[in-house]
Amino acid sequence: MLTESSIKAIKPTAKRMRRSDGGGLFVEVAPGGRKLFKQTFRYDGKQCQVVLGEFPALKLAKARTLREHVKSVLAEGGDPREEFRLRSPVGAGVDGEEAPPASPPATTWRSWVERYLEKRKRENAAPATVKKLSLHAEKTYPVMGDKPIRDCTSRDVIAACRPYEEAGKLNSAHAVRALCGQVFRFAIAHGEADHDPATSTRDAIARPQNVGYRGITDPTRVGVLMRAIRAYTGEPQVRAALLLSAYLFPRNAELRQMRWDQISGSVWEVPAEAMKKKRTHVVPLPKQARQVLAWIKPLTGASTLVLPSRTAASGMLSENTLNATLRRLGFPKEEHCHHGFRITASTTLHEAGWNSDWIERQLAHVEENKIKGAYNKALYLEDRAKMMQWYADWLDKQEVA
């Protein structure tokens, strides 16, 4: 049986080599170091194989899921090679040989949207993100779903966005326009489109008023917020999530995906796939956050997730749960939202004179100035730990003031 670590440790040799995971699944390592997951099977009396994807973009767990999918296709009498042909990386055929000239792929707008969404899934985009993109995509199908993507125009993009615009949902209208641009550019990269008609529609759709996120910065109101959270009597994991939001100010998705195996002593290491910028992030845990984790562990420790949902099919809290709870606690979105915890922390720490680089690193904001050097997940860790403890103590002082 393979593991992520054992695959990473495989060194290329002068010849191609294979390492089996069982059930026909194996990873093939090329002399140049490229590692491909492949699946063997028998179809129509012949030994065949398909390329599932390239490691590490394709994780071992996902490759195993695809292995079972291949088996289900075979059980239904289908040929897995037909389904995986478009998934195969450039230069690899479905049977492991050099790929023959590819037959023209489906060229409709709908087919390219579906391929783009599959790409986002393979990139480990959050399920909620893929769901939103799918909902936005459905708005485009009545207008250009069956149209060849080369024939889609700016008028089509505007027509797809118009229902949202007329309903006053301007953010959604621009989200549909943005999705159109992403799909067009994806098709351009594959040689199936010549230009991006969405580019010229930017000013054709009414723009929403940019009010931004709201966060409490007045110390007195911060105290009211902390007391309200502490007094919350609903689901324990929701109360814990709000307390951790205050003490650690992570992004919503990062918090909801927090796992027990990411907690080690006084640090929480958020893996790259859970981060907005796809970079591992180390969060120092002040004693108050550690106390919250110690309190919730007897209740949720049997779960992989620190803050599991008792009802959601995904197993994790909904992205709207924390904002909805803040509303019920008496904090309208015009005053404070979940992202507002980050605003509260940033404003307070800057006004208290803490080093700006420490604050920005703790907020997991990517340093755009490449001159400052290579990314280091543990940069300023000791200094940030002191800063985080000061901030947690400050929150507690406002709570009892």
ask   = Most fluctuating residue of 197, 142, 271 in a GNM of the chain with Cα springs under 10 Å: which is it?
value = 142
task = Subtract the Cα-Cα distance of residue 203 and residue 351 from 0.36 nm times their separation in residues, and report this length gain in nm to one decimal.
result = 49.5 nm
request  = Please report, in cubic angstrom per residue, the volume enclosed by the convex hull of the alpha-carbon atoms of the stretch 219-400.
outcome  = 121
Qualifying trypsin sites (Lys or Arg not before Pro) in the stretch 1-80, DSSP loop, other Cβ atoms within 10 Å at most 15 = 15, 16, 34
task = Quick one: among 124, 171, 252, which has the greatest mean-square fluctuation in a GNM of the chain with alpha-carbon springs under 10 angstrom?
result = 171
request  = For the stretch 4-87, count all C-alpha to C-alpha pairs, find those more than 21 Å apart, and express that count as a whole percent of the total.
outcome  = 28
query = Looking at (1) 17.8; (2) 24.2; (3) 33.6, which value of mean projected area of the Cα convex hull in nm² comes from a calculation on the structure shown?
reply = (2)
remark   = Cα-based Rg then Dmax for the stretch 191-323, in Å, read 18.9, 58
message = Can you tell me which of 205, 158, 359 moves the most in a GNM of the chain? Springs connect C-alpha atoms under 10 Å apart.
response = 205
message = If the reach is capped at under 17 angstrom between alpha carbons, list the aspartates and glutamates near residue 59, excluding any in the same chain fewer than eight residues apart.
response = 4, 21, 28, 68, 118, 123, 273
inquiry  = Checking the cross-link filter: which aspartates and glutamates have an alpha carbon closer than 19 Å to that of residue 147, excluding same-chain neighbours under 8 positions apart?
reply    = 114, 138, 156, 192, 194, 196
query = How large is the helix-only mean residue ellipticity at 222 nm for the chain, computed as the sum of -39500 (n - 2.57) over DSSP H runs with n ≥ 4, divided by its residue count, in deg cm²/dmol to the nearest 500?
reply = -14000 deg cm²/dmol
ask   = aspartates and glutamates within cross-link reach of residue 71: Cα-Cα under 12 Å, excluding same-chain residues under 8 positions apart?
value = 79
request  = Report ³J(HN,Hα) in whole Hz for each residue of the stretch 220-234, in order, from the Karplus equation J = 6.51 cos²θ - 1.76 cosθ + 1.60 where θ = phi - 60°; Gly and Pro get x.
outcome  = 5, 5, 4, x, 4, 4, 5, 5, 5, 5, 4, 8, 4, 10, x
Which of 167, 5, 318, positive extreme of dipole for the chain (C-beta unit charges) = 5
inquiry  = Above 16 Å lies some portion of the pair distances; for the stretch 109-204, what is it as a whole percent of all C-alpha pairs?
reply    = 50
task = Please tell me which of these pairs span more than 30 angstrom C-alpha to C-alpha: 38/297; 8/297; 62/297?
result = 38/297; 8/297
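Any read-out appearing in this document is the output of simple, stated calculations on the displayed coordinates, not a laboratory observation. Bear in mind that the values here come from a model prediction, so they are computed numbers and not experimental data. Don't worry about glycine lacking a Cβ; one is built from the backbone with ideal geometry, like all the others, and counts go over all protein chains shown.
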